[in-house]
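The next block holds one structure in the form of structure tokens; read it before the comments.
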Amino acid sequence: MKRSVFLFFQPALALAVLMTPLAAVADATTALVKRLAAVDSLSGQFEQVVLDRGGTRLQEASGDMQMARGNRFRWHTLEPYEQLAVSDGVTVWVYDVDLEQVVEKPLGQETANTPALLFGGNPDSVAEVFVIEEISRHGREVSYRLSPRQDDTLFVALEVTFRGEMPHSMRLEDALGQMTTLDFRNTRINTRLDASRFQFVAPEGADVIRQQ
């Protein structure tokens with residue numbers, strides 16, 4: 001049985017990118033890279049909602065998360081069932097508590113381009129992977145839309161919103177029109193996160209599936 005809460009990019013998107021002034025794209029890219037570079041670590045709680053193309057709610061989840069530069073993260077889903085995803089920057093472990101099953105695999109390029117690592121990878125590489133534009137600004141709140149430069153990604157569009165310098169939310173759209181929204185709560189940036197948070201040892205008795 002396989003379950004998935006952890007997340008970790010169309011002609012219309014391509015046209016929108018082409019119609020965006022190059023200067024605006026450059027300014028938005030510089031601004032977003034600067035914001036990301038100011039975040040060495042990110043921690044707090046998250047609330048996740050998945051909608052289908054018609055807006056029907058498919059799934060809800062919540063939990064806590066920690067992310068740090070070096071492609072390290074700890075994504076702990078508590079509801080509706082417990083699941084833990086951990087990366088030390090080299091390996092990813094996904095542990096389904098109810099199933100007592102661990103999937104272990106290398107942190108490949110596909111995983112490295114997922115939204116969970118937007119705040120864990122190299123900020124300067126974001127411009128190489130995405131075309132970036134600012135899509136809204138209201139007071140201290142600003143949102144950016146990231147369109148993947150390659151077609152073989154997990155989603156077709158990613159939006160990230162900041163309130164001041166603090167990451168506030170993310171929104172993803174996949175090729176089927178499914179929309180996933182992540183709202184961050186009690187967010188903290190640049191706090192010291194113990195390296196042990198990004199290590200994982202399979203619990204005794206758990207079934208470990210190793211993938212290459």
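Rank by packing, highest mean first: peptides 176-188, 154-166, with packing defined as the count of other Cβ atoms within 10 Å averaged across residues. Show your work: numbers first, answer last.
Values: 176-188: 15.0, 154-166: 17.8.
Packing order, densest peptide first, comes out as 154-166, 176-188.
Hey, rough spin-label estimate for Arg149 and Ala38, points 7 angstrom out along Cα→Cβ, what's it come to in nanometres?
2.5 nm
Quick one: net charge around Phe73, please, counting Lys, Arg +1 and Asp, Glu -1 for every other residue with C-beta under 12 Å from its C-beta.
Values: positive: Arg69, Arg72, Arg74, Arg197; negative: Asp64, Asp88.
Around Phe73, the charge tally is +2.
Using a 10 Å cut-off around each Cβ, can you sort Arg35, Arg137 from fewest to most neighbouring Cβ atoms? Could you put the intermediate results ahead of the total?
On the way: Arg35 18, Arg137 9.
Ordered from fewest to most neighbouring Cβ atoms within 10 Å, Arg35, Arg137 come out as Arg137, Arg35.
Hey, with R₀ at 41 Å, roughly what FRET efficiency would Gln212 and Gln178 work out to, going by the Cβ-Cβ distance, to 0.05?
0.90
Explain nothing, just the number: dipole magnitude of the stretch 11-210 about its Cα centre with +1 on each Lys and Arg Cβ and -1 on each Asp and Glu Cβ, in debye rounded to the nearest 20. Mind showing how you got there, number by number?
On the way: 19 positive and 29 negative charges, 157 e Å.
That gives the stretch 11-210 a dipole magnitude of about 760 debye.
Would you pull out the residues with amide H under 5 Å of Asn122's amide H, same chain only if 5 or more places away, H placed 1.01 Å from N?
HN-HN under 5 Å from Asn122: empty list.
Using the Karplus curve 6.51 cos²θ - 1.76 cosθ + 1.60 with θ = phi - 60°, what ³J(HN,Hα) values do you get for each residue of the stretch 86-95, in whole Hz, with x for Gly and Pro?
10, 9, 9, x, 10, 10, 10, 10, 10, 10
A short reminder: the numbers here are calculations on the coordinates, not readings from a lab. Since the structure is predicted, the reported quantities are computational estimates derived from the model, not experimental observations. Glycine also receives a Cβ, built like all others from the backbone with ideal geometry; neighbour counts cover every protein chain displayed.
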